[in-house]
Amino acid sequence: MKRRTVLVAMAAAPLGAMLPLPAFAQKPIVLGFAQVGAESEWRTANTQSIKSSAQEAGIDLKFSDAQQKQENQIKAIRSYIAQKVDVIAFSPVVETGWDTVLVEAKNAKIPVVLTDRAISSKDDTLYVTFIGSDFTEEGRKAGRWLVEKEKGNAGPINIVELQGTVGSAPAIDRKKGFEEIIKSDPKFKIIRSQTGDFTRAKGKEVMEAFLKAEGKKINVLYAHNDDMAIGAIQAIEEAGMKPGKDIIIISVDGVKGAFEAMMAGKLNVSVECSPLLGPQLMSVVKDIKAGKSVPKRIVTQEGIFPMEVAAKEFPNRKY
Ligand code: GYE
């Protein structure tokens, strides 16, 4: 009798009462994100992507900017541990030196997701997954483009290289991938290589020094990101040379500023590296909280844009 009453009551209840609790009644997932900084157009787009997709996903985001300093990122991670956030995500400014703080997160049972840049650690239980690009492949793409471009040129081809932040995954891997390809022909020579810390200002400054030391001997500039290439373009123009013609310029990221430089004929090619990692990160965070298993490595898909296609591609660019 009693049971029957319940059934009748349920049938009479409005449909909504039988569904799971609506989203607003659930406690939102809290995600602590320790960003590298705001050093480049890429980084600005990455931050924007993370903030907007957290909002769309209903995730409570705690965000910090480390101004390209590892110590600041470690402090931010420690504060997320102290606040007992649900998940910590970060983009490690350099590859090494993370074990201590990540063991602390592990002991506090807070899962960690790496985005954009990888760490180098023997212990891969310190993070759940790494979402980001294959930087070595980006370096190879840059190298392959140059080899193709210089086919039939006997050389020597003198290259100057603007490296990214010292010790960072993209600087290490973009150098490695590029060298792997160009070493197949001894006509390619890297005559100078120095860091420009992924910024326009340093890119310009270091290029000025390269020009002072090597002048007209420089045939090619390989910059590990667009911002440094854009800074270097200014230096080349100020030295009375034509960027994109007197010096072939190759860079990485594919940000709008690079497309503008390509359309102006000043940058020859940009290898794409997508900063739009936010949506993937939010869905991984939700999966982790739901106890689902996630792959250890999630690779971003990307292309390469020579200046010849820049005007056609420009309207499609999202960052
Ligand atoms: O290429 C550069 C940024 O880690 C992939 O960092 C990222 C790099 C990007 O400052 O522009």
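State yes or no: is ALA142 within 16 Å of the ligand (Cβ to nearest atom), under 14 Å from TYR222 (Cα atoms) and assigned by TED's automatic domain parsing to the domain that holds ARG200? Talk me through it step by step, then tell me what you get.
Working: within 16 Å of the ligand (Cβ to nearest atom): yes; under 14 Å from TYR222 (Cα atoms): yes; assigned by TED's automatic domain parsing to the domain that holds ARG200: yes.
It is true that ALA142 is within 16 Å of the ligand (Cβ to nearest atom), under 14 Å from TYR222 (Cα atoms) and assigned by TED's automatic domain parsing to the domain that holds ARG200.
Go over the candidates LYS175, LYS183, LYS212, LYS151 one by one and state the one that is of a type in the set (Lys, Arg) and touching a Gly at 6+ places or on another chain (Cβ under 7 Å). Talk me through it step by step, then tell me what you get.
Working: LYS183 fails: touching a Gly at 6+ places or on another chain (Cβ under 7 Å); LYS212 fails: touching a Gly at 6+ places or on another chain (Cβ under 7 Å); LYS151 fails: touching a Gly at 6+ places or on another chain (Cβ under 7 Å).
That would be LYS175, the only listed residue that is of a type in the set (Lys, Arg) and touching a Gly at 6+ places or on another chain (Cβ under 7 Å).
Evaluate the range 184-193: report whether one residue or more is on the phi < 0 side of the Ramachandran plot, within 16 Å of the ligand (Cβ to nearest atom) and not assigned by TED's automatic domain parsing to the domain that holds ASP116.
Taking the range 184-193 first, the residues on the phi < 0 side of the Ramachandran plot are 184-193.
Narrowing further to those that are within 16 Å of the ligand (Cβ to nearest atom): none.
Within the range 184-193, none of the residues are on the phi < 0 side of the Ramachandran plot, within 16 Å of the ligand (Cβ to nearest atom) and not assigned by TED's automatic domain parsing to the domain that holds ASP116.
Between residues in the range 32-47 that are at pLDDT 95 or above and of a type in the set (Phe, Trp, Tyr) and residues that are assigned to a helix (DSSP H, G or I) and within 7 Å of the ligand (Cβ to nearest atom), which pairs lie under 8 Å by C-beta distance while being six or more apart or on different chains?
Final answer for the pair search is TRP42/ASP226; TRP42/ASP227.
Looking at the structure I just gave you, is ASP197 assigned by TED's automatic domain parsing to the domain that holds VAL269 and closer than 22 Å to GLN70 by Cβ?
Working: assigned by TED's automatic domain parsing to the domain that holds VAL269: yes; closer than 22 Å to GLN70 by Cβ: yes.
Against the criterion (assigned by TED's automatic domain parsing to the domain that holds VAL269 and closer than 22 Å to GLN70 by Cβ), ASP197 qualifies.
Kindly check whether there is at least one residue in the range 52-60 that is within 14 Å of the ligand (Cβ to nearest atom) and at pLDDT 95 or above. Can you show your working first?
Within the range 52-60, the subset within 14 Å of the ligand (Cβ to nearest atom) is none.
No, every residue in the range 52-60 fails to be within 14 Å of the ligand (Cβ to nearest atom) and at pLDDT 95 or above.
Considering each of SER283, SER293, SER251 in turn, give the residue that is in the same structural domain as ASP227 (by TED's automatic domain parsing) and hydroxyl-bearing (Ser, Thr, Tyr).
Numbers: SER283 fails: in the same structural domain as ASP227 (by TED's automatic domain parsing); SER293 fails: in the same structural domain as ASP227 (by TED's automatic domain parsing).
Answer to the check: SER251.
Report whether or not ALA201 is within 16 Å of the ligand (Cβ to nearest atom) and in contact (Cβ under 8 Å) with a residue 12 or more places away in the chain. Let's see the steps before the verdict.
Working: within 16 Å of the ligand (Cβ to nearest atom): yes; in contact (Cβ under 8 Å) with a residue 12 or more places away in the chain: yes.
So ALA201 fits the description; yes.
Just name the residue that is surrounded by the most Cβ atoms within 10 Å (Cβ to Cβ) out of those in the range 30-51 that are among the hydrophobic types (A, V, I, L, M, F, W, C) and within 12 Å of the ligand (Cβ to nearest atom).
Start the filter on the range 30-51 by keeping residues that are among the hydrophobic types (A, V, I, L, M, F, W, C), which leaves 30-31, 33-34, 36, 38, 42, 45, 50.
Remaining after also requiring within 12 Å of the ligand (Cβ to nearest atom): 36, 38, 42, 45.
Details: VAL36: 27, ALA38: 15, TRP42: 24, ALA45: 20.
Applying the filter and picking the extreme gives VAL36.
Would the range 80-87 turn up any residue that is of a type in the set (A, V, I, L, M, F, W, C) and closer than 27 Å to LYS202 by Cα?
No, the conditions are met nowhere in the range 80-87.
With respect to the numbered conditions (1) more than 16 Å from the ligand (Cβ to nearest atom); (2) outside the structural domain of ALA290 (by TED's automatic domain parsing), which one is the sole condition not fulfilled by GLU104?
Result: GLU104 passes all but (2).
Criterion first (within 16 Å of the ligand (Cβ to nearest atom), out of contact with any Lys or Arg (no Cβ under 9 Å at 6 or more places or on another chain) and β-branched (Val, Ile, Thr)) does THR136 satisfy it? Before the answer, list the steps.
Numbers: within 16 Å of the ligand (Cβ to nearest atom): yes; out of contact with any Lys or Arg (no Cβ under 9 Å at 6 or more places or on another chain): no; β-branched (Val, Ile, Thr): yes.
No: the conditions fail for THR136.
Of the conditions (1) in contact (Cβ under 8 Å) with a residue 60 or more places away in the chain; (2) away from the ligand (no atom under 11 Å from the Cβ), PHE63 clears all except one; give me its number.
Every listed condition holds for PHE63 apart from (1).
Looking only at the range 282-299, decide whether some residue is without any contact (Cβ under 8 Å) to a residue 60 or more places away in the chain and farther than 30 Å from VAL112 by Cα. Let's see the steps before the verdict.
If we filter the range 282-299 for residues that are without any contact (Cβ under 8 Å) to a residue 60 or more places away in the chain, which is where we start, we get 287, 290-293.
Then drop every residue that is not farther than 30 Å from VAL112 by Cα, which leaves none.
No, the range 282-299 contains no residue that is without any contact (Cβ under 8 Å) to a residue 60 or more places away in the chain and farther than 30 Å from VAL112 by Cα.
The values are calculated or read from the model by the stated rules, or taken from the named source; none is laboratory data. What you see is a predicted model; the values in this text were computed from it and never measured. Every residue, glycine as well, gets a Cβ built from its backbone with ideal geometry; the counts of neighbours run over all protein chains shown.
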